[in-house]
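One structure is given below, encoded as structure tokens.
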Amino acid sequence: MPKADGQAWLRDGLAITALGVAMLAGGLPAHGQVAPKEPEPATLRHNAEFAKNLPFADRRDFDDAMRGFIATVPDALVPGTGPRPVWTMKPFEFLKQGEAAATINPSLWRQAQLNAIHGLFKVSERVYQVRGFDIANMTIIEGDTALIIIDTLSTAETARAALELYYAHRPNKPIGTIIYSHSHSDHFGGVRGLTSEAEVAAGKVRILAPVGFMEAVIGDTVSAGVAMSRRAQYQFGILLPPGPRGLVDTGLGKALARAPVTLIAPTDTVDTNMDKRVIDGVEIVFKLVPGSEAPAEMLMYFPQFRVLEMTEDVTHTMHNLYTIRGSEVRDGNLWSRYIGEALETFGEGTEVLIAQHHWPVAGQARVADLLSKQRDLYKFINDQSLRLLNEGYTPAEIAETLRLPASLQQEWSARGYYGTLRHNAKAVYQKYLGWYDGNPADLDPLPPVESARKTVEYMGGADAVIARARLDFAKGEYRWVASVMNQVIFSDPTNRAARELGADALEQLGYQAEAGTWRNAYLVGAMELRNGLPRIAITGTVNADTLKALSNAQLFDYLGVRLNGDKAEGKTMVLNWNFTDSNQKFVLTLENSALTHVAGKQAADAGATVTLARETLDALTARQTTFADAIKAGRVTIAGDPRQLEELWSMFDTFKVMFEIVEPRETQR
Ligand SMILES: [Zn+2]
């Protein structure tokens, strides 16, 4: 692929989404890249040993994943407008060979095969799912007169493709209701592929979401969104070429779709736990589960069909109490309790359990078995981590010590393909005790670069460290080699030998990892050590749909996050804001390098009073226009000194998504 094209599709694909996640599947142009390497003998031994201890003869998941199959389209292909498709299973064809590749953990290989199954499936009378057309599922319920759709996939393109697949094989009923099961973008981001704002405004399509949905969407995407989107490239392997030495799976689904996330605000919320509603002849019991897998989330029970929708609280993986892209930690005790309650309340009346990722489980006994094991899985992680921290163990020690009981180890759905026991145990520590392990030597140590320089100097210099690390690499001690090479790289990022040995160690760890997320993180780290930071100019801005969804107060908070404290040093400003669309008034104050706001007021001593519609402030925030141009166009009126606004706007940082992770930032060298 010519370089210019490559840059263009990367820019398209990396358009920052509502989640703040760069949405891109597929790989970088291979031109000029250092190729991945062979598996080392220690990796071959590790993966062979791993396979011995797992129940590969149990093929029920494969039967479950194919049950009710109706049809699909070749490779689940969803073309895009650019040179690359938005979605395709084609690059994952290598998974069709029976034997796991030597460069892939055999347990992950199995999960990756399951996640490669795609199509339209009948779950029960009037309940259908489209799976494998995005990282998540679309569930379609046939109401008396119209469709009820649970979750929209993550992009308009994949959502439309899933609906078309359904219509190709089922009667052409219109969509009456869309339900967002929870506040993660792979469950609402495709909404504009199913309906439009006009249809929703006209009442033709209702959108139902759990209480707190919009607040949760915003909380997850705006404040720390840029950092999360960069880290998500590691978690999801967004720039990693698919293949036996590259992207295999995310654990939760195949990959991220490569198109922007969209959002239309819900028209109705479920506020009451166990709310029973009849929607178009379909009875639904909504069980609210806030603070489990997402801040706003709900399960659904369909008594007529004996179907239990566990959304994302029960899937075929150990999920995340902490996501390595970064997020607030989740409460394992609460999560477990919700699953237990679902089992108690709906277990006996359930014939089929579905979720918004992975495949259904049929049969009352098997449903109860899955629910009880998932309940115990999160309870075990929570309680045993707490037990160990109360015995004085620190996060790394807890992670190293904890082992699942054999009964859960042998359970495919309890294995860590997305979350892992190790990082989830650390999440429990973080929830209760925070980042500090209590040891004052760790209270205020030197930061990475200074610490690395001293360490490497004390160890006799980079060459001596690398020579010894090579011996450890030969012995298969990849965790240590990755970590000690990180020290050498942070002391001198131009040390080619250190970068290569560090990359080699990360790569072997990737080949051994059972979790798709860990494999991706290791392999992206190796790729960036070998090839440097991908040269993609992309700035992290909140996308238009999300920006529009922010309240005025939230928008001012977002601007506060962008305020550069150094540039604001010594500056004082008081600005009145007057919104013509909502009639809301605000006083915005800059003082002590902090931007604060008070609603419902105007200050008598303001330096300027700004009158504008909210959409104009959105355009100014996204730097699509300037105050000078907006004034000229009649979109803003400023009483007082307009230069204050230009000055304030010059203090806002525009974030670059592509910051360094496996090496020091450019400015620290
Ligand atoms: Zn999801």
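The values are calculated or read from the model by the stated rules, or taken from the named source; none is laboratory data. The structure displayed is predicted, hence computed values, not measured ones. Here the Cβ positions follow ideal geometry from the backbone for every residue, glycine too, while neighbour counts run over all protein chains shown.
Checking the conditions here, which among ILE354, ILE381 is within 16 Å of the ligand (Cβ to nearest atom), among the β-branched types (Val, Ile, Thr) and at pLDDT 95 or above? Let's see the steps before the verdict.
Numbers: ILE381 fails: within 16 Å of the ligand (Cβ to nearest atom).
Selected residue: ILE354, the only one of ILE354, ILE381 that is within 16 Å of the ligand (Cβ to nearest atom), among the β-branched types (Val, Ile, Thr) and at pLDDT 95 or above.
Taking the criterion of being in a helix (DSSP H, G or I) and more than 15 Å from GLU507 (Cα to Cα), the residues of the stretch 485-495 that qualify are GLN487, VAL488, ILE489, PHE490, SER491.
For ARG131, indicate whether it is within 16 Å of the ligand (Cβ to nearest atom), under 30 Å from VAL329 (Cα atoms) and basic (Lys, Arg).
Working: within 16 Å of the ligand (Cβ to nearest atom): yes; under 30 Å from VAL329 (Cα atoms): yes; basic (Lys, Arg): yes.
Judged against the criteria, ARG131 is a match.
Applying the criterion of being touching a Pro at 6+ places or on another chain (Cβ under 9 Å) and part of a helix (DSSP H, G or I) to the residues of the stretch 429-447, the residue that is nearest to GLN668 (Cα to Cα) is GLN430. ASP280 falls short of the stated requirement of being on the phi < 0 side of the Ramachandran plot and more than 16 Å from the ligand (Cβ to nearest atom).
Restricting THR616, THR621 to those that are within 27 Å of GLY540 (Cα to Cα), of a type outside the set (Lys, Arg) and in contact (Cβ under 8 Å) with a residue 24 or more places away in the chain reduces the list to THR621. When each of GLY540, GLY570, GLY560, GLY516 is tested for being small (Gly, Ala, Ser), within 30 Å of LEU252 (Cα to Cα) and modelled with pLDDT of 95 or more, the lone residue that passes is GLY516. Of all the numbered requirements in (1) touching a strand residue (DSSP E or B) at 6+ places or on another chain (Cβ under 8 Å); (2) within 16 Å of the ligand (Cβ to nearest atom); (3) farther than 16 Å from VAL78 by Cα, HIS187 misses one, and that requirement is (1).
Specify the residue that is nearest to the chain's Cα centre (by Cα); the eligible residues are those in the stretch 631-652 that are in a loop (DSSP other than H, G, I, E, B) and surrounded by 15 or more Cβ atoms within 10 Å (Cβ to Cβ).
My answer is MET651.
Selection of the stretch 542-579 for residues being in a loop (DSSP other than H, G, I, E, B), surrounded by 15 or more Cβ atoms within 10 Å (Cβ to Cβ) and either in contact with a His (Cβ under 8 Å, 6 or more places away or on another chain) or of a type in the set (Val, Ile, Thr) (or both) yields only VAL542.
The requirement of being at pLDDT below 95, among the basic types (Lys, Arg) and either under 27 Å from the mean Cα position of the chain (by Cα) or within 17 Å of PRO244 (Cβ to Cβ) (or both) is satisfied by ARG84.
Looking at the stretch 139-184, which of its residues are more than 12 Å from the ligand (Cβ to nearest atom), touching a residue at least 60 places away in the same chain (Cβ under 8 Å), farther than 17 Å from ALA255 by Cβ and part of a loop (DSSP other than H, G, I, E, B)? GLY143, ASP144, THR145, ALA146, ALA168, HIS169 - these are the residues of the stretch 139-184 that are more than 12 Å from the ligand (Cβ to nearest atom), touching a residue at least 60 places away in the same chain (Cβ under 8 Å), farther than 17 Å from ALA255 by Cβ and part of a loop (DSSP other than H, G, I, E, B). Once the stretch 190-217 is narrowed to residues that are within 16 Å of the ligand (Cβ to nearest atom) and not in a strand (DSSP E or B), the residue that is surrounded by the fewest Cβ atoms within 10 Å (Cβ to Cβ) is ALA216.
Does at least one position in the stretch 315-324 carry a residue that is of a type in the set (A, V, I, L, M), in a strand (DSSP E or B), crowded, with 24+ Cβ neighbours inside 10 Å and in contact (Cβ under 8 Å) with a residue 40 or more places away in the chain?
Looking for residues that are of a type in the set (A, V, I, L, M), in a strand (DSSP E or B), crowded, with 24+ Cβ neighbours inside 10 Å and in contact (Cβ under 8 Å) with a residue 40 or more places away in the chain, one finds none in the stretch 315-324, hence no.
In the stretch 77-130, which residues are of a type in the set (D, E, K, R) and either surrounded by fewer than 18 Cβ atoms within 10 Å (Cβ to Cβ) or assigned to a helix (DSSP H, G or I) (or both)? So that I can check it myself, show each step before the final result.
Residues of the stretch 77-130 of a type in the set (D, E, K, R): 84, 90, 93, 96, 99, 110, 122, 125-126.
LYS90, GLU93, LYS96, GLU99, ARG110, LYS122, GLU125 - these are the residues of the stretch 77-130 that are of a type in the set (D, E, K, R) and either surrounded by fewer than 18 Cβ atoms within 10 Å (Cβ to Cβ) or assigned to a helix (DSSP H, G or I) (or both).
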